[in-house]
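First the structure, in the form of structure tokens, and then the observations on it.
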Amino acid sequence: MKYKAEFIFDAPEAMVWEAREKRFEHPERFPELQKQELVGRKEEGDVIKQKRKIELSASVPKALRTVLPSEMMKCIDESVYDRSNGTHHFVVRPNFKSDVFMCKGYSKYEEFEEGGQIKTRRYLELDVKVKVPIVGKKAEEVILEGYKKNVLRDNDSIKEMVEMMKKEQG
């Protein structure tokens, strides 16, 4: 099941990238980021590779959680950010039986000018696959809806961080 969206940030691309990172320094302001644990991070020039443990259970309705194994809710998110071309690729898989569930995503960030102001556009594509008999399609729908909500919260937290950074700059 696929999802595509576009979002606009009122800031230059470099500030949006910085805001993405700085949010993790303020867990009290962004509680949605607390369900993540950084396992590994490696920087190679403009490329940042990250691996995080994440918990999906908050995004999945209780009725579906009773059908799906609890281990399926604990996932690994592997991301590659490339600031030189403004892209972010990620794959989310459960800790076990990684062939049962997978979410792949791609974001492209592009700077543009509008009304004399520099802004950044984020194109987003998600693809969710669940290979569980009978409930697989329903699980895809529910998980994709959860990801959509997470993406909206993610964008809101980036916007909030951008505003904090702008205030700090004076």
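The values are calculated or read from the model by the stated rules, or taken from the named source; none is laboratory data. Quantities reported herein were computed from a predicted structural model and do not represent experimental measurements. Note that we place each Cβ from the backbone using ideal geometry, even for glycine, and neighbour counts take in every protein chain shown. The accessibility values were calculated without ligands, DNA or RNA, using every heavy atom of the protein model including side chains. Shrake-Rupley method; radii C 1.70, N 1.55, O 1.52, S 1.80 Å.
Report the full-extension gain for the segment GLU44 to LYS104: residue separation times 0.36 nm, less the Cα-Cα distance, to one decimal in nm.
19.4 nm
Mind pulling up the Rg/Rh value for region 87-127? Radius of gyration and Kirkwood radius, both on Cα.
A ratio of 1.27.
Put TYR106, TYR147 in order of accessible area, largest first, 1.4 Å probe: what do you get? Show your work: numbers first, answer last.
Details: TYR106 70, TYR147 20 Å².
Ranking TYR106, TYR147 by accessible area, largest first, yields TYR106, TYR147.
Kindly provide log₁₀ I(q)/I(0) values, in the same order as q = 0.10, 0.14, 0.22 Å⁻¹, from the Debye equation applied to equal alpha-carbon scatterers of region 67-170.
Those come out to -0.39, -0.68, -1.24, one per q.
Given a cut-off of 21 Å, name the pairs among LYS49/LYS104; LYS74/LYS108; LYS22/LYS53; LYS4/LYS148; LYS42/LYS159; LYS104/LYS166 whose C-alpha atoms lie farther apart than that in the structure shown.
Violating the 21 Å Cα-Cα cut-off are LYS74/LYS108; LYS42/LYS159; LYS104/LYS166.
Go through 150-163, 38-51 and give me the packing order, highest mean Cβ count within 10 Å leading.
Most protected by this proxy first, the peptides run 150-163, 38-51.
Measure off, as a whole percent, the carbon and sulfur share of the 1.4 Å-probe accessible area of region 95-146, all protein chains present.
Details: 1420 of 2830 Å².
Answer for region 95-146 is 50 percent, counting heavy atoms of protein chains only.
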